[in-house]
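Worksheet for the structure shown next.
Bear in mind that the values in this text are calculations on the coordinates, not laboratory data. Just so we're clear, the structure is a prediction, and the values are computed from it rather than from any experiment. We place every Cβ from the backbone using ideal geometry, glycine too, and count neighbours over all the protein chains shown.
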Amino acid sequence: MEVKKKKTTINELGEMLTYIVGNMATKEDIADVRRDMATKADLAEVKADLVGVKADLAGVKAITLNTASELAIVRRDVEEIKEKVRSHDGFAKEIDHTISRVVVIEKHLGLAK
């Protein structure tokens, strides 16, 4: 079975060329892109900034972990005190208040259990 090739007419060829020329990027378009796109220096600067941000986040993480461990110690100590003075209602109320504040701090830091 033979495939018949369609001959392209001059009008079709003209339409194709008109379409191509109409959609081609101009020198001005290319100049705009070059002016607006990031350079290697711009990308290097962004990379350096990201390295700094990463280091800052590592510091924040260390502080958060330290604070979390200190809060765990405080919580444990408060629970021990609460058990020792359970018969003293006034202390229990203050301890409950302190524990509720620790819970709020833990939630704020994203450490809620």
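Selection within the stretch 52-77: residues that are among the polar types (S, T, N, Q) and free of Cβ contacts under 8 Å to residues at least 24 places away in the same chain. The member of this set that is nearest to Val102 (Cα to Cα) is Ser69. Among the residues making up the stretch 93-113, those that are assigned to a helix (DSSP H, G or I) and either within 23 Å of the chain's Cα centre (by Cα) or surrounded by 14 or more Cβ atoms within 10 Å (Cβ to Cβ) (or both) are Glu94, Ile95, Thr98, Ile99, Val102, Val103, Ile105, Glu106, Lys107, His108, Leu109. Going through the stretch 1-28 one residue at a time, which ones are loosely packed, with under 10 Cβ neighbours inside 10 Å and part of a helix (DSSP H, G or I)? Answer for the stretch 1-28, where residues must be loosely packed, with under 10 Cβ neighbours inside 10 Å and part of a helix (DSSP H, G or I): Ile10, Asn11, Ile20, Val21, Gly22, Asn23, Lys27, Glu28. For beta carbons closer than 9 Å, sequence separation of 6+ or different chains, a first residue in the stretch 1-30 that is on the phi < 0 side of the Ramachandran plot and a second that is part of a loop (DSSP other than H, G, I, E, B), the qualifying pairs are Met16/Thr8.
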